[in-house]
1. Within segment 266-281, work out how many residues are within 15 Å of the chain's Cα centre (by Cα) and crowded, with 22+ Cβ neighbours inside 10 Å.
2. State which residue is nearest to Asn80 (Cα to Cα) when the search covers only segment 90-119 and only residues that are in contact with a helix residue (DSSP H, G or I) (Cβ under 6 Å, 6 or more places away or on another chain) and assigned to a strand (DSSP E or B).
3. Taking Glu138 as meeting all but one of (1) buried (at least 21 other Cβ atoms within 10 Å of the Cβ); (2) among the acidic types (Asp, Glu); (3) not in a helix (DSSP H, G or I), write down the number of the exception.
4. For segment 254-265, state whether one or more residues are in contact with a Leu (Cβ under 7 Å, 6 or more places away or on another chain) and outside any helix (DSSP H, G or I).
5. Kindly indicate the residue of segment 113-130 that is among the small types (Gly, Ala, Ser) and surrounded by fewer than 12 Cβ atoms within 10 Å (Cβ to Cβ) and also nearest to the chain's Cα centre (by Cα) among those meeting that condition.
6. Against the condition assigned to a loop (DSSP other than H, G, I, E, B) and of a type outside the set (S, T, N, Q), how does Asp278 come out, does it pass?
Amino acid sequence: MVAATATEMFLVCFESLCPCFRSKRKDGSEDPVLAKDGNSLSSSEMRSISDRIPSSPLRVPASPSRFSLSSPPSRNDPLNLSLETVIKLTRNFSPALMIGESYFGKAYRMDLQNGLIVAIKRARKEHFASLHAEFKNEIALLKKIEHRNLVQLLGYIDKGNERIVITEFVANGTLREHLDGQHGLILGFGQRLEIAIDVAHGLTYLHLYAEKPIIHRDVKSSNILLTEGFRAKVADFGFARIGSTDPGQSEIQTDVKGTAGYVDPEYLRTNYLTVKSDVFSYGILLLEILSGRRPIEVNRGGREKITVRWVCLCFPLLCLYHFSR
């Protein structure tokens, strides 16, 4: 449901924001992907459609197994590494091996002796005590989830003044890096659509198919990692929370966590959290994927600073379509 809605919103938004991508079919025929309601497609139909779409250098090949519940993702075996081994393999956390940085700490690439490459996230020393809850929370939640569009936990270390999370290594950087052009190539329409759908699948799993509903609370482009084939994986579960398990209650009350520009304003105002808060953040992410703009453009002034307001001012029909549904 989330994926189908996301695809529809993506295509409508993209046509409004990027006129150059509007369909110009001369024969009047409908695109095979858009001709049917996404909810009505079976796995075999999706595979058939994917096979009929011509390939191009910019388009990421569709992943038929993503639509098949019977085809589990390949998983790495859990790791049991000592702190001494991690220090040795990262050359004492060498800056040359650093691949990212977040509120929790710095992330490093680590090459194991068996050839496997993993990522490790090391907690910041200056916030060590205050990050204990986030560390425990991320470990507890990652242990319970398994999905091809979510980063896999491989192990962790909690020893002395070191807290380290070990996950699979996702080689192609973050979505935000690609939107900023840091990897050289500009993401094409097909790639952006596939990434948006991948993220929707990951969130749908968290909200509906995990053992208990999980609310990520920090869905943003820098927490979306891309594989070499431009498959997207949702990462960084430090702020995630178990949602309400009471069928008669969809919300929980909790302190506000997240990133400015992505946080659901209703959650910000009331401290009541639901899975809809992730959906709001995902909507902001869609605008970010479409436009390349950050949710808050600090170097822009006036009406252009907040991307959502900018979209509604520049494309009022788009906002009217969205809010009238």
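1. Residues in segment 266-281 being within 15 Å of the chain's Cα centre (by Cα) and crowded, with 22+ Cβ neighbours inside 10 Å: 3 in total.
2. Among them, the one singled out is Met110.
3. The failed condition is (3).
4. Yes, some residue in segment 254-265 is in contact with a Leu (Cβ under 7 Å, 6 or more places away or on another chain) and outside any helix (DSSP H, G or I).
5. First, pick out the residues of segment 113-130 that are among the small types (Gly, Ala, Ser): 115, 119, 123, 129-130.
From the residues that got through so far, the ones that are surrounded by fewer than 12 Cβ atoms within 10 Å (Cβ to Cβ) too are 115, 129-130.
Numbers: Gly115: 27, Ala129: 28, Ser130: 25 Å.
Step by step, filter segment 113-130, then rank; the result is Ser130.
6. No: the conditions fail for Asp278.
Residue by residue, here is whether (1) assigned by TED's automatic domain parsing to the domain that holds Ser291; (2) under 23 Å from Tyr103 (Cβ atoms); (3) not in a loop (DSSP other than H, G, I, E, B) holds:
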| residue | (1), (2), (3) |
| --- | --- |
| Arg148 | no, no, no |
| His183 | yes, no, no |
| Gln191 | yes, no, yes |
| Ile197 | yes, no, yes |
| Tyr205 | yes, no, yes |
| Ser222 | yes, yes, yes |
| Leu225 | yes, yes, yes |
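Residues checked against (1) in a loop (DSSP other than H, G, I, E, B); (2) within 14 Å of Asn149 (Cα to Cα); (3) in the same structural domain as Ile120 (by TED's automatic domain parsing):
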{"position": "Leu208", "(1), (2), (3)": "no, no, no"}
{"position": "Arg217", "(1), (2), (3)": "yes, no, no"}
{"position": "Lys233", "(1), (2), (3)": "no, yes, no"}
{"position": "Gly248", "(1), (2), (3)": "yes, no, no"}
{"position": "Ile284", "(1), (2), (3)": "no, no, no"}
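The values are calculated or read from the model by the stated rules, or taken from the named source; none is laboratory data. Everything numeric in this text was worked out from a predicted model, so none of it was measured. Cβ coordinates were reconstructed from backbone atoms using ideal geometry, including for glycine residues, and neighbour counts include every protein chain displayed.
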